[in-house]
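Structure, as structure tokens:
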Amino acid sequence: MDKITLRKQWVIEASVDDVFKIMTDFEKFPENFPKVAESVRINNRDGNNLEMEATVRSFGKSFKVKMKTQILPGKGFISDNDSYQFGTSGHEELLLSKHIKGTLIDYTYQVAIHKKWLRVIAVPLIRWYSMKYWEKAVIDRLKKMLEK
């Protein structure tokens, strides 16, 4: 199965702690990032390990995602995500580190498309569109929330 790896870095002019608090408050994602999250429900919490169900938005559609997420205190999170409805699964890493101007966000998403027919359409779209959309819907909003 082909996997697509998307990776990008951004700098936010805010402390790592401030970025961390927002980016790991998953239950507030629909409020903070409404263009990518309709709902998030934590089904199980064992320390820093979360099992969640979310309804997310992408490509103009809403679909369900099951997430197994590990919060890395002060550093971000890693998450394995399955969307049976959309036919994808992925490994997501959002890692934070100090930067001279604030916080460096290092984001990687490795996605597998399980439906063969969907790969033909989705692979070019995901490569071109996904990170641009995520930057606008999450990073730009995060900057508005934190940068003064």
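The values are calculated or read from the model by the stated rules, or taken from the named source; none is laboratory data. Bear in mind the structure is a predicted one, so any value in this text is a computation, not a measurement. Cβ: placed from backbone, ideal geometry, glycine included. Neighbour counts: every protein chain shown.
Restricted to the range 36-67, and to residues that are surrounded by 13 or more Cβ atoms within 10 Å (Cβ to Cβ) and among the basic types (Lys, Arg), which residue is farthest from Asn81 (Cα to Cα)?
Once the filter is applied, the top-ranked residue is Arg57.
Does Lys66 qualify as being among the basic types (Lys, Arg), at negative phi and in a strand (DSSP E or B)?
So Lys66 fits the description; yes.
Given the criterion more than 15 Å from Ile139 (Cα to Cα) and free of Cβ contacts under 8 Å to residues at least 12 places away in the same chain, identify the matching residue among Arg45, Arg41.
Exactly one of Arg45, Arg41 is more than 15 Å from Ile139 (Cα to Cα) and free of Cβ contacts under 8 Å to residues at least 12 places away in the same chain, namely Arg45.
Name the one entry in Lys68, Lys21 that is under 17 Å from Leu146 (Cα atoms) and not aromatic (Phe, Trp, Tyr).
Lys21
Taking the options Lys66, Lys75, name whichever one is farther than 22 Å from Leu142 by Cα and in contact with a strand residue (DSSP E or B) (Cβ under 8 Å, 6 or more places away or on another chain).
Lys66
Take Gln110 and decide whether it is modelled with pLDDT of 85 or more, assigned to a strand (DSSP E or B) and touching a Lys or Arg at 6+ places or on another chain (Cβ under 6 Å). Give the steps one after another, and end with the answer.
Values: modelled with pLDDT of 85 or more: yes; assigned to a strand (DSSP E or B): yes; touching a Lys or Arg at 6+ places or on another chain (Cβ under 6 Å): yes.
It is true that Gln110 is modelled with pLDDT of 85 or more, assigned to a strand (DSSP E or B) and touching a Lys or Arg at 6+ places or on another chain (Cβ under 6 Å).
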